[in-house]
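Take a look at the structure below.
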Amino acid sequence: MRTLSKMTWVEAKLFLREPMGAFFTLAFPLMLLFLFGGIYGNKPVEAFGGYGTIDVSIPSYTAMIIATTGLVGLTITMSTYRENGILRRLRTTPINPLYILTAQVIVLLLAAALGMVLLIIAGKLVYSLRFDGNALSFAAGFVLCGVSFMAFGFILAGLMPTARTAQIVALGAGYPRELLPENIRKFANYLPLTYVVNLLRGSGSGNPGACTRGTSRFCWACWC
Amino acid sequence: MSPIVKVDGLHKSYGKTIAVDGISFEVLEGEIFGMVGPNGAGKTTTIECLEGLRKPDSGSVSVLGVDPQRDGQYLRTHTGMQLQQSALPDRIKVWEALDLYSTFYPDPADWEELLEHLGLQEKRGTPFAKLSGGQKQRLFVALALLPKPRLVFLDELTTGLDPQARHAVWDLIRDVRANGATLILTTHLMEEADELCDRVAILDRGAIVASGSPADLIRDLGGEERVTLSVDGGLPPAVAGAVPATWRIEVQGERVSVAGPSGNTPLVVEVANLLASHRIRFRDLRTEPATLEDVFLKLTGRQMRE
């Protein structure tokens, strides 16, 4: 236990020292929020079922945070640890390599959660964010998606020699899908992130059941 | 002294490449044992089989009385290992690495003391990536000493270091041994083996071609000696053709190097006599004792270059 807590603490410090990771998890989503909030505001729109742009964007940005941490952050860290012999060095010690994987997941989930909380706070304060759902089911959806994406990230880190290709999977989350052209929307159906957005948007508007079939299918695929 | 490591008929190949071809040796408690040889001789494969990181194809390996494959956990708890290719995260600080790694062991050494002892105190807050090569190696030695090991494995510890840093690491290794640990190291520097090891095994192409103390191996060479000198205008061909067949001559411009057996008359006297009889002026005459390098050359017929 002492090893795990110390390792998590060290990994957390390493995460914050890596400027790119911290920037894309904590600062960049906020910048997007203010950018599109500045353009569109948060007036209720018919096409979004009476919600404003910010109301529907925050689940998307949260999904993006999950993707950057779970796919990009985790994959890059893990494949660097493997390539540089950091995992190899750990193999010469009595501790189980699972410790470092667990520590990574804890740190990245916390970082993603922090990024989401910052978004929600900014949305509430500046754009009077409308949230009709159940906070608990929204949080549960977040954890489910986060853990699934990290499982996916570990698979990618295991399969790919470098992590750069992982970034393409993170695309397509930033926009509410109603704004996308028809054929791109079709393509988006094949991207796992779409289902994260659906789940978070669904539970944010108090209607999770309607959008979660694809999501659960995706989560199951990752867990298996 | 009892053997702390026993290897019998160790064999390991990767596909069709035979890395280690049935070698046997023992390491005694309290000694510095070196495996020397050129790159690809099988040193790292052997040490990794001892560490339990690789599974031998055949042969038996016993380290601290256990089988590394079966009791790897015991081995990892009671030995220190430094790998040829390993690293720490770039941004981890020296003290953080030591603090973290010391939680891995049931009875770790005091890392603050190690830090001081290895001269890393000023670097305690420095990220790993900003350390020099020598400092990184000292940190790896510190990590290897955290478990208070009875046995320490060092794989190519000084490769890539400048001579000064190398000498500092050598002093460190002698200190570790003076504190009662046994060390097994690999190196492709014959000088390093000569300088540090109580006993060496010279490996070539997966086999041990000679083993024993460096002094014994050199003595078994039969009193080889090396004489170097400079001749103005180079060595005339007539002289080069008149030397005894037992001599090996290398000429580089004006610099001439002669290696050969020292019989009743020392080699240096014979060389000087030969040159004097041909009325050749020479300067900078120097004699060098034979080294493990010469042993390798004699045994394999090949030069061992870095």
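The values are calculated or read from the model by the stated rules, or taken from the named source; none is laboratory data. The structure displayed is predicted, hence computed values, not measured ones. Glycine gets a Cβ as well: all are built from the backbone with ideal geometry, and neighbour counts include every protein chain shown. We work out accessible area using only protein heavy atoms, side chains counted, and drop any ligands, DNA or RNA first. Shrake-Rupley method; radii C 1.70, N 1.55, O 1.52, S 1.80 Å.
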Residues of the stretch A:25-36 classified as within 17 Å of the chain's Cα centre (by Cα) and surrounded by fewer than 20 Cβ atoms within 10 Å (Cβ to Cβ), total: 6
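Kindly evaluate B:D110 against the criterion of being farther than 15 Å from A:T93 by Cα, surrounded by fewer than 17 Cβ atoms within 10 Å (Cβ to Cβ), within 9 Å of another protein chain (Cβ to nearest Cβ) and at pLDDT 90 or above.
Working: farther than 15 Å from A:T93 by Cα: yes; surrounded by fewer than 17 Cβ atoms within 10 Å (Cβ to Cβ): yes; within 9 Å of another protein chain (Cβ to nearest Cβ): no; at pLDDT 90 or above: yes.
For B:D110, the condition - farther than 15 Å from A:T93 by Cα, surrounded by fewer than 17 Cβ atoms within 10 Å (Cβ to Cβ), within 9 Å of another protein chain (Cβ to nearest Cβ) and at pLDDT 90 or above - is not met.
Kindly establish whether A:L129 is outside any helix (DSSP H, G or I), at pLDDT below 90 and open to solvent by less than 60 Å² (accessible area, probe 1.4 Å). Explain how you work it out, then say what you get.
Numbers: outside any helix (DSSP H, G or I): yes; at pLDDT below 90: yes; open to solvent by less than 60 Å² (accessible area, probe 1.4 Å): yes.
Answer is yes for this residue.
Residues to consider are B:V20, B:V5, B:V61, B:V66; find the one that is touching a helix residue (DSSP H, G or I) at 6+ places or on another chain (Cβ under 9 Å) and closer than 20 Å to B:F296 by Cβ. Walk me through it before giving the result.
On the way: B:V5 fails: closer than 20 Å to B:F296 by Cβ; B:V61 fails: closer than 20 Å to B:F296 by Cβ; B:V66 fails: closer than 20 Å to B:F296 by Cβ.
Criteria check complete, one pass: B:V20.
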Lone qualifier among A:G85, A:G123, A:G52, A:G141 - being of a type in the set (G, A, S), buried (at least 23 other Cβ atoms within 10 Å of the Cβ) and more than 17 Å from the chain's Cα centre (by Cα): A:G123
Hits in the stretch B:11-41 - residues which are open to solvent by 10 Å² or more (accessible area, probe 1.4 Å), of a type in the set (G, A, S) and touching an Asp or Glu at 6+ places or on another chain (Cβ under 8 Å): B:S13, B:S24
Per-region count, the stretch B:180-213, residues open to solvent by 10 Å² or more (accessible area, probe 1.4 Å) and over 19 Å from B:E29 (Cβ atoms): 11
Close pairs from the stretch B:104-128: first free of Cβ contacts under 8 Å to residues at least 12 places away in the same chain, partner buried (at least 16 other Cβ atoms within 10 Å of the Cβ), Cβ under 6 Å, at least 6 apart: B:Q121/B:L115
Count of the stretch B:51-87 residues which are surrounded by 19 or more Cβ atoms within 10 Å (Cβ to Cβ), among the aliphatic types (A, V, I, L, M) and away from chain A (no Cβ under 12 Å): 2
B:E96, sole failed condition from (1) more than 23 Å from the chain's Cα centre (by Cα); (2) closer than 29 Å to B:R124 by Cβ; (3) open to solvent by 10 Å² or more (accessible area, probe 1.4 Å); (4) at the interface with chain A (Cβ under 9 Å from one of its Cβ atoms): (3)
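Is one or more of the residues making up the stretch B:68-80 among the hydrophobic types (A, V, I, L, M, F, W, C), under 28 Å from A:I95 (Cα atoms) and either in the same structural domain as B:V176 (by TED's automatic domain parsing) or assigned to a loop (DSSP other than H, G, I, E, B) (or both)? Spell out how you get there, then give the answer.
Of all residues in the stretch B:68-80, those among the hydrophobic types (A, V, I, L, M, F, W, C) come to B:75.
Filter once more, so that each one left must be under 28 Å from A:I95 (Cα atoms): B:75.
Now drop any that are not either in the same structural domain as B:V176 (by TED's automatic domain parsing) or assigned to a loop (DSSP other than H, G, I, E, B) (or both), which leaves B:75.
Scanning the stretch B:68-80 turns up at least one residue that is among the hydrophobic types (A, V, I, L, M, F, W, C), under 28 Å from A:I95 (Cα atoms) and either in the same structural domain as B:V176 (by TED's automatic domain parsing) or assigned to a loop (DSSP other than H, G, I, E, B) (or both).
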Boolean, B:N264 is exposed (fewer than 15 other Cβ atoms within 10 Å of the Cβ), free of Cβ contacts under 8 Å to residues at least 60 places away in the same chain and part of a loop (DSSP other than H, G, I, E, B): yes
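Hey, among B:D155, B:D162, B:D171, which residue is in contact (Cβ under 8 Å) with a residue 24 or more places away in the chain, open to solvent by 20 Å² or more (accessible area, probe 1.4 Å) and not polar (S, T, N, Q)? Full working, then the answer.
Working: B:D155 fails: open to solvent by 20 Å² or more (accessible area, probe 1.4 Å); B:D171 fails: in contact (Cβ under 8 Å) with a residue 24 or more places away in the chain.
Testing whether each residue is in contact (Cβ under 8 Å) with a residue 24 or more places away in the chain, open to solvent by 20 Å² or more (accessible area, probe 1.4 Å) and not polar (S, T, N, Q) leaves just B:D162.
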Which listed residue is over 22 Å from the mean Cα position of the chain (by Cα), loosely packed, with under 13 Cβ neighbours inside 10 Å and within 14 Å of chain B (Cβ to nearest Cβ), from A:M1, A:M20: A:M1
Counted residues, the stretch B:279-302 - those being open to solvent by less than 80 Å² (accessible area, probe 1.4 Å), over 17 Å from B:E192 (Cβ atoms) and either of a type in the set (V, I, T) or assigned to a loop (DSSP other than H, G, I, E, B) (or both): 5
Residues that are at the interface with chain B (Cβ under 9 Å from one of its Cβ atoms) and of a type outside the set (D, E), drawn from the stretch A:6-17: A:K6, A:M7, A:W9, A:V10, A:K13, A:L14, A:R17
